[in-house]
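I have placed the structure first, in the form of structure tokens, so that the comments after it can refer back to it.
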Amino acid sequence: MNKNISVKKFIIIISVVIGILLLIAFGFMKYWEISYLGGTYNYQDDLYRLTPPTGLLKTCGVVVKVENGSAYIMPTLEKPIILEPEKNTTDKDYNSTIHYIFENNKFDLKKEQEVTITYHYEKDKESKYKYNAIIDNIEIEKEKSDIEIPRDIILDAYSSKENVSIEIDKSKSDSEKLVFTVTDNNEYKYDYSKMRYIINENDELFWREIQKISDLPREEQYQIDENGIVNIEVDWSKVYGKLEKGKYRLTLQTLNKSRKSVINPEIIEYPDCGVILTIDFEVKSNGKLKFTYMNVG
């Protein structure tokens, strides 16, 4: 009898635990959908909200790019102006988006124009967690703006990491260094002038930085030629020593320079003008390298 009661208690406890885990999983899925589908023209996670401001909104910006019927606009206001406060049903603090992309450039916009955008949000017909920004009107304030477009905004509009490739020189690479070539085929090239590297080891569960043998700097400087080619050699022998048999990841990242925010000059920003190069490799027992993964992010 007591044994049956114990089994029933065990089943009840397990059922409760499974129920809680399912609720957590369901909540995470909803949060993911809200976070990543919560807006049409903005990909910043912190700007997505369940309920955006209602009524007409206004922001100002500069047209950075117009191509194939789409326009890329950099806002110059920190926050949109609520034109109909009496209709606003939310007190959430919305920032202006980094950029707007209009799939159909029905407003006949041109590069370098200064514009005022009037828009509102509507619920998406297919998802109750998604709101679309509907553009009501765009007024041209200036045909040629005096506002300087930061390089990171230009790169975001025109360049793609997909146009950057890595080629390993296996004959020169060993357990103390990697030698490879980066080719940047973008019209506007990313910044490779100053980069920092780190070596992580895979313990079958996590990637962790391997123990250093010195505190020497891990910064490297490179130059990109007129053809978009960067010759890179990362020699870690004096920082990490010679790598033993195992699985490793080299990460080489651009050290971005700071600049004053376009929207608020009192704010210092670190623009994404560079790249993160990732190379996974395995050191065999004979010291030879096997490359398993390469990525430009």
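Observations, loosely collected:
- Boolean, residue 214 is in contact (Cβ under 8 Å) with a residue 60 or more places away in the chain, surrounded by fewer than 17 Cβ atoms within 10 Å (Cβ to Cβ) and over 16 Å from residue 295 (Cα atoms): no
- The single condition among (1) acidic (Asp, Glu); (2) exposed (fewer than 15 other Cβ atoms within 10 Å of the Cβ); (3) out of contact with any Leu (no Cβ under 7 Å at 6 or more places or on another chain); (4) modelled with pLDDT under 90 that residue 84 does not meet is (3).
Okay, residues lined up against (1) at pLDDT 95 or above; (2) over 21 Å from residue 228 (Cα atoms); (3) of a type outside the set (S, T, N, Q); (4) not assigned by TED's automatic domain parsing to the domain that holds residue 75:
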| residue | (1), (2), (3), (4) |
| --- | --- |
| 251 | yes, no, no, yes |
| 254 | no, no, no, yes |
| 257 | no, no, yes, yes |
| 263 | no, yes, yes, yes |
| 273 | no, no, yes, yes |
| 281 | yes, yes, yes, yes |
| 284 | yes, yes, yes, yes |
| 287 | no, yes, yes, yes |
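- Take the conditions (1) within 24 Å of the chain's Cα centre (by Cα); (2) loosely packed, with under 14 Cβ neighbours inside 10 Å; residue 197 misses just one of them, which is (2).
- On the stretch given as segment 120-135, residues that are in contact (Cβ under 8 Å) with a residue 60 or more places away in the chain and either among the hydrophobic types (A, V, I, L, M, F, W, C) or closer than 15 Å to residue 71 by Cα (or both) total 1.
- Selected residue [surrounded by 15 or more Cβ atoms within 10 Å (Cβ to Cβ) and without any contact (Cβ under 8 Å) to a residue 40 or more places away in the chain] from 153, 138, 149, 166: 138
A quick yes/no check of all residues on (1) modelled with pLDDT of 85 or more; (2) in a loop (DSSP other than H, G, I, E, B); (3) farther than 30 Å from residue 159 by Cα:
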residue: 51; (1), (2), (3): no, yes, yes
residue: 60; (1), (2), (3): yes, no, no
residue: 63; (1), (2), (3): yes, no, no
residue: 74; (1), (2), (3): yes, no, no
residue: 77; (1), (2), (3): no, yes, no
residue: 121; (1), (2), (3): no, no, no
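- Selection over segment 242-254 of residues that are part of a strand (DSSP E or B) and closer than 20 Å to residue 289 by Cβ gives a count of 7.
- Residue match in segment 261-273 (condition: assigned to a strand (DSSP E or B) and over 20 Å from the mean Cα position of the chain (by Cα)): no
- Count of segment 142-162 residues which are small (Gly, Ala, Ser) and under 16 Å from residue 110 (Cα atoms): 2
The values are calculated or read from the model by the stated rules, or taken from the named source; none is laboratory data. Only a predicted model underlies this, so the values are computations on that prediction, with no experimental measurement involved. In this analysis, Cβ positions are derived from the backbone assuming ideal geometry, glycine residues included, and neighbour counts consider all displayed protein chains.
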